[in-house]
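Written out below as C-alpha cells is the structure these notes cover.
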Amino acid sequence: MAQSVKGMRDLFGAELRWFQHIEETARRVFGRHGYGEIRTPILEELDVFKRSVGESSDIVNKEMYQFTDKGGREVVMRPENTAGVVRAAIQHKLLINADPVLLYYIGPQFRYERMQTGRYRQFYQIGAESFGVATPESEAESLLMLHSFLTELGLKHLVFSINSVGTPESRPAFHAAIRAFFAQRADQFCEDCHRRLQSNPLRVLDCKNVKCQQALEGHPILTDHLDEASARHHARLKALLTDLGIPFTEDPRLVRGLDYYTRTAFEVLSSDLGAQSALLGGGRYDGLVKQLGGPDVPAFGWAIGLDRLAMVLQQVRGEAPRQAPALLVPLGERAATEALKLARSLWEAGVALQLETRGGALKKALASANRLGIQTVLILGDGELETGTVAVKHMATGEQETWPLAEVTARLANS
Ligand code: HAM
C-alpha cells in the first residue's frame, strides 16, 4: 500500500477541524487589525532564502527541499514565508510610499528536518508581517494581535520570551565578547559551535547540546552590548508589554535560527509541546527588504506553527468546535420532503445543520450522530408534521423535548 512521504501527512477529521477553526480565528482577528492576506508561490528561487534566512542557518544549510527545474532554475520549496512575502512586496512595489503595509499568510512550508513530536517536513504556518514602521509601538500592536489571537483560541498559559539581537552595527562588539568568552573554554564546546563561532557567533548561544549549554554559563549578554538606540527601543517595548498586561520573560540566549533579525527577537513557548518546541517565533528584520533589492523599509513579524498550535489546542480544549452540531432526521417520505424544506430555511438563516438523507431507521441515524459527535438530533416524523413541531434529542444527556417548528431557527442559533 502506498504511504504518504515521510514527514508529510494527510489532514482530515478532528485535526483538520482544529486547523479550520484556527484559520477562521486568525482571519477574524487579523482583519480587525487591518492586516490583508497575501499568498505567495511554494517555489521560490534559491537566492531568495540564501540572501535572507542566511547561508549559516540550519534551514539553508541542511533542510531545504531544493532542486533544478526543467528550465535549469535552482528552486526551493519555501522553508518559511517571510522571504517570499518580502520578495513579493518588492516585486509588486507595495513598499514604495511611506504607508505601513500589513500582511498575513496561511500556508504550507517545507523543511527536511529530523522527525520529532510536532515537527514535520511539510508543516503549516500562519504569519503576520508589518512593513514600514520601526517603532516599538508597531511591535506592541503586532504582539497584541498575536495575544488576542491566542486568547480567543482559548490558550492562557503562554510565555512570551523576548530578547534584543541589536543591529548589524552594534553586533561586532558582542561578537568580540562572545569570541573572547569562547576562547577561554573552547574545548567544552561541540564541533558545530566551533563552526558557528566562525560563521555567526550569535548561534553559539542557541546550541541545544547540553554540554554547550553548561559551558555557556556566565556568557556575555546581548542586551549589555546594545547601541543606545537599540537599548532604548528594547526598554520601551518592555514597558509597553508591561502596560498592556502581556506576560513576558527576557531570554538572553534567544537569538533565533534565521539570520535576518535586528533588535527585537521573540518566541512563545508552550509547556504542552515538550522540551525545546516553540509554538511561534519572530522579530524585527529592518535590513531584509533592502537586502533583497527593495527600498530601505523596516519590518516586524512572526509565524506560528499551525500543526503545533492544533496539537496544543487538542490537548487543552479537546475536540475542535464542530461545523454542524445538529442533525435533522426525517422518518418517512413525506417527512423527507418537509425536512429538505426545513433544512433549506435553516441553512439560509445561517444555522449549521447536517441532514440525514439515507432514509431508514432512526436507530441507524442516532448511531451515526453519536460517532460524528453531533450534540442535537432533530427528529421529524408524521406525528411532528401533524402538530407543527420537531422532536429534539440531546445526545449528551439522552433527554428529549419538543420544539415548535417556528422556534427551531432561534433555538439552534442559540445552542
Ligand atoms: P521559525 O521559528 O523558523 O520562524 O518558524 C516559526 C514557527 O513555525 C515555529 O515556532 C514552529 O511552530 C513552526 N515550525 C517550524 N518548523 C517546523 C516543523 N518542521 N514542523 C512543525 N512546525 C514547524 C520563521 O519561519 C519566520 N519566518 C518567522 C517570522 C515571520 N519572522 C518574522 N516574520
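Kindly flag which residue pairs out of Lys6/Lys70; Lys341/Lys363; Lys6/Lys364; Lys50/Lys70 have an alpha-carbon separation exceeding 28 Å in this structure.
In this structure, Lys6/Lys364 exceed 28 Å between Cα atoms.
I need the GluC sites (Glu not before Pro) found in the stretch 170-266, filtered to DSSP loop residues with at most 14 other beta carbons within 10 Å of theirs. Intermediate results must be reported in sequence, preceding the final value.
Values: sites: Glu191, Glu217, Glu228, Glu250; in loops: Glu217.
The qualifying sites are Glu217.
Between Arg334 and Thr402, what FRET efficiency follows from the Cβ-Cβ distance if R0 is 22 Å, with the result rounded to 0.05? Plugging the Cβ-Cβ distance into 1/(1 + (r/R0)^6) gives 0.70. Between the Cα long axis of helix 136-152 and the first principal axis of the chain there is an angle of about 30°, rounded to the nearest 10.
Modelled spin labels at Leu46 and Gln66, positioned 7 Å past Cα toward Cβ, are 0.5 nm from each other. Of the chymotrypsin sites (Phe, Trp or Tyr not before Pro) found in the stretch 1-59, those in coil by DSSP whose Cβ has at most 11 other Cβ atoms within 10 Å are Phe12.
Give the calculated FRET efficiency between Arg179 and Ala352 to the nearest 0.05, with a Förster radius of 60 Å applied to their Cβ-Cβ distance. If you can, show how the numbers build up before the last one.
Numbers: r = 61 Å, r/R0 = 1.01.
That pair, Arg179 with Ala352, gives E of 0.50.
Give, as a single signed number, the net charge of other residues whose beta carbon lies under 11 Å from the beta carbon of Leu280, with Lys and Arg counted +1 and Asp and Glu -1. If you can, show how the numbers build up before the last one.
Values: positive: Arg308; negative: Glu267.
Result for the local shell: 0.
Result for the chain in a Gaussian network model with C-alpha springs under 10 Å: among Leu355, Leu292, Leu43, the largest mean-square fluctuation is at Leu355.
Can you give me the relative contact order of the stretch 1-134 as a percent, contacts being Cα pairs under 8 Å and 6 or more apart? It would help to have the intermediate numbers written out before the result.
Working: 176 pairs, mean separation 36.6, N = 134.
Relative contact order for the stretch 1-134 comes out at 27 percent.
Counting only other residues whose beta carbon sits under 10 Å from that of Val377, what net charge do I get with K and R as +1, D and E as -1? Mind dumping the intermediate values first?
On the way: positive: Lys393; negative: Glu356.
Result for the local shell: 0.
Fully extending the segment from Asp192 to Glu228, taken as 0.36 nm per residue of separation minus the present Cα-Cα distance, adds 9.7 nm. What angle do you read, to the nearest 10 degrees and between 0 and 90, between the alpha-carbon axis of helix 333-348 and the longest principal axis of the chain? Helix 333-348 and the main axis of the chain meet at about 40 degrees.
Can you list which of the chymotrypsin sites (Phe, Trp or Tyr not before Pro) found in the stretch 126-226 are DSSP loop residues with at most 15 other C-beta atoms within 10 Å? If you can, show how the numbers build up before the last one.
Details: sites: Phe131, Phe149, Phe160, Phe174, Phe181, Phe182, Phe189; in loops: Phe189.
For chymotrypsin sites (Phe, Trp or Tyr not before Pro) across the stretch 126-226 that sit outside H, G, I, E and B with at most 15 neighbouring Cβ atoms in 10 Å, the list is empty.
Taking other C-beta atoms within 10 Å as the exposure proxy, Thr409, Thr262 rank Thr409, Thr262 from fewest upward.
Under the convention that each Lys and Arg Cβ holds +1 and each Asp and Glu Cβ holds -1, the size of the dipole of the stretch 25-170 around its Cα centre is about 560 debye.
Here the simple spin-label model places points 7 Å from the Cα toward Cβ, and for Leu11 and Ala98 these points are separated by 4.0 nm. Determine the sum of side-chain charges near Leu258: Lys and Arg each +1, Asp and Glu each -1, restricted to other residues whose C-beta is under 10 angstrom from that of Leu258. Here the count lands on -2. Estimated purely from DSSP H runs of n ≥ 4, each contributing -39500 (n - 2.57), the mean residue ellipticity at 222 nm for the chain is -11500 deg cm²/dmol once divided by its residues. Applying 1/(1 + (r/R0)^6) with R0 = 22 Å to the Cβ-Cβ distance of Gln213 and Thr249 gives a FRET efficiency near 0.80.
The GNM of the chain, with springs linking C-alpha atoms under 10 angstrom apart, assigns the highest mean-square fluctuation among Ala303, Ala278, Ala239 to Ala239. For the chain, a Gaussian network of Cα nodes joined below 10 Å ranks Val329, Val86, Val101 by mean-square fluctuation, and the top entry is Val329.
Just so you know, all these numbers are worked out from the coordinates, no wet-lab data involved. What you are looking at is a predicted structure, and each value in this text was computed from that prediction instead of being measured. Positions of Cβ are backbone-derived with ideal geometry, glycine not excepted, and every protein chain shown enters the neighbour counts.
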